[in-house]
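Since the structure comes first, as structure tokens, the remarks are kept for the end.
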Amino acid sequence: SGNAQVYCDARVSGNAQVYGDAQVYCDAQVYGDARVYCDARVSGNAQVYGGKTQRTDDYICVGPIGSRLRFTTVQIPSMTVVCGCFNGTFDEFKKKVKVTHENSPRYLAEYKAMIALINAVIKARK
């Protein structure tokens, strides 16, 4: 609603809302109870599920990495993560990475590097 725009193969579904001057585009997905509004821009392979995205820097999307070359999206205000079929908190994600890739040094190293990057970005944005 409002001046919001959804285009270029982007998808908004479930109870998700896009409004204000927000834009969702280029294969991005917004679903669940997510709210994207004000001047937020969600694009690329980002997946926003639940929570509120008021500004573009409310989320970070990293990828492709891992055994399935997935993109991982962290919604910073709520610290929720979407990565492939995983959807949960950042702490749950870190535990899942350890368990899932404990016997895969390459993928464990990739995910640990990504987690360190996300931690650094979150710290820098505070």
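Coordinate-derived values only; no laboratory data. Worth saying up front: this structure is predicted, and the values here are computed from it rather than measured. In this analysis, Cβ positions are derived from the backbone assuming ideal geometry, glycine residues included, and neighbour counts consider all displayed protein chains.
If the chain linking K126 and D57 were pulled fully straight, counting 0.36 nm for each residue of separation and taking away their Cα-Cα distance, it would gain 23.7 nm.
Taking the inverse of the average 1/r across all pairs of different Cα atoms in the chain, what Kirkwood radius in Å do you get?
Numbers: mean 1/r = 0.0680 Å⁻¹.
Final number for the Kirkwood radius of the chain is 14.7 Å.
Run the numbers for N87 and Q5: contour at 0.36 nm per residue of separation, minus the present Cα-Cα distance, in nm. Intermediate values should be presented prior to the final figure.
Details: separation 82, 0.36 × 82 = 29.52 nm, distance 2.54 nm.
Gain in length upon complete extension: 27.0 nm.
State to the nearest 20 debye the size of the charge dipole of segment 1-64 about its Cα centre, where the only charges are +1 on K and R beta carbons and -1 on D and E beta carbons.
Working: 5 positive and 7 negative charges, 19 e Å.
For segment 1-64, the charge dipole is close to 100 debye.
Rounded to the nearest 20, the size of the Cβ-charge dipole of segment 6-126 about its Cα centre is 420 debye, with Lys and Arg at +1 and Asp and Glu at -1.
Taking a ≥ b ≥ c as the square roots of the eigenvalues of the Cα gyration tensor, segment 84-126 is classed as oblate, since a/c reaches at least 1.5 and a/b does not exceed b/c. Using the Cβ-Cβ distance between K96 and R68 with R0 = 22 Å, the FRET efficiency computed as 1/(1 + (r/R0)^6) comes to roughly 0.95.
The antiparallel fraction among DSSP beta bridges confined to the chain stands at about 50%. Would you work out which of S78, Q17, A46 lies farthest towards the positive end of the dipole of the chain, given +1 charges on the beta-carbon of Lys and Arg and -1 on that of Asp and Glu, about the Cα centre? Farthest along the dipole direction, towards plus: S78. Among K95, K52, K112, which one moves the most in a GNM of the chain with springs linking Cα atoms closer than 10 Å? Fluctuation is largest for K95. For K112, the lysines whose Cα comes closer than 21 Å to its Cα, not counting residues fewer than 8 places off in the same chain, are K94, K95, K96, K98, K123.
Taking square-rooted eigenvalues a ≥ b ≥ c of the alpha carbon gyration tensor, is segment 1-47 rounded, prolate or oblate, where a/c under 1.5 means rounded and, failing that, a/b exceeding b/c means prolate? In terms of gyration-tensor shape, oblate. Say the dipole of the chain comes from +1 at the beta carbon of Lys and Arg and -1 at that of Asp and Glu; which of A120, A34, T56 then lies farthest toward its positive end? It is A120, whose Cα lies furthest towards the positive end. Distance between the pseudo-spin-label points of L117 and C38 (7 Å out from Cα toward the beta carbon): 2.5 nm.
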